[in-house]
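*Asks:* Take this structure, written in structure tokens, and hold onto it; I'll ask about it next.
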Amino acid sequence: MKKVLCVMAVAALLMFNGCTNTSETPITDVLKSAKKGWVMTSVKSVPAYTLASGVSLEELFADGDHEHNTGFFFDYEKDDAIIFGENGVETIDPGTLLPEAPDAYQVATVATYTVDEVNEEILFQMPWEYNVDYTMYDDPFEKCTVQEYSKDKLVLKYTRNDDDNPAKSQNTFTITYVPAK
């Protein structure tokens, strides 16, 4: 009987070790697993992000009108997908195309990304970081710390110094992505 229990215990241990645990899967593999890319579903700011109008928002992805300073994102930014491909190639797919959107956001854009598996950090081009004329993506890449990752969800933490905003604040954003459909 002891032999049977011992064999069952070893089999159960092997079965559990065969399961893919998020922390055991390399971040790079998880990033590349979303073949259609990752889209944002939430961007929370601490402290609340203050727009030029004086409106403060904790949830930046909420409905609002960026042009009238009641929201952070333009509608056409909300379905942008980030595709993490092979060899560090990142593609930003603009999703829905709108006639009034700046030309820079009407075509897929290719950039690069790097992953530091040890420190759980990603350096990449974010679709919503662009120059003050809204004509091209910002040159500097953003460094994010990976808070959570699985094939169904990616949560990143990003600290931003906003010198262009009259509030001149430093905000830490918690950004949640899910695979694009």
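*Asks:* Any residue in the range 106-117 that's under 12 Å from P94 (Cβ atoms): show its pairings with residues that are loosely packed, with under 13 Cβ neighbours inside 10 Å at Cβ separation under 6 Å, as long as the two are six or more apart or on different chains.
*Replies:* Q106/L97
*Asks:* Then there's this: For the range 124-135, what are the residues that are under 13 Å from the mean Cα position of the chain (by Cα) and either modelled with pLDDT of 95 or more or not in a strand (DSSP E or B) (or both)?
*Replies:* Correct list: Q125, M126, P127, W128, E129.
*Asks:* In the range 33-54, how many residues are part of a loop (DSSP other than H, G, I, E, B), touching a Phe, Trp or Tyr at 6+ places or on another chain (Cβ under 9 Å) and among the aliphatic types (A, V, I, L, M)?
*Replies:* So the answer is 2.
*Asks:* Report whether or not D138 is surrounded by fewer than 15 Cβ atoms within 10 Å (Cβ to Cβ), at pLDDT 80 or above and not polar (S, T, N, Q).
*Replies:* For D138, the condition - surrounded by fewer than 15 Cβ atoms within 10 Å (Cβ to Cβ), at pLDDT 80 or above and not polar (S, T, N, Q) - is not met.
Results for (1) in a strand (DSSP E or B); (2) exposed (fewer than 15 other Cβ atoms within 10 Å of the Cβ); (3) modelled with pLDDT under 90, shown as yes or no for each residue.
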position	(1), (2), (3)
G71	no, no, yes
N87	no, yes, no
L97	no, yes, yes
N119	no, yes, no
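The values are calculated or read from the model by the stated rules, or taken from the named source; none is laboratory data. Since we're looking at a predicted model, the values are computed, not measured. Virtual Cβ from ideal backbone geometry, glycine too; neighbours counted across all protein chains shown.
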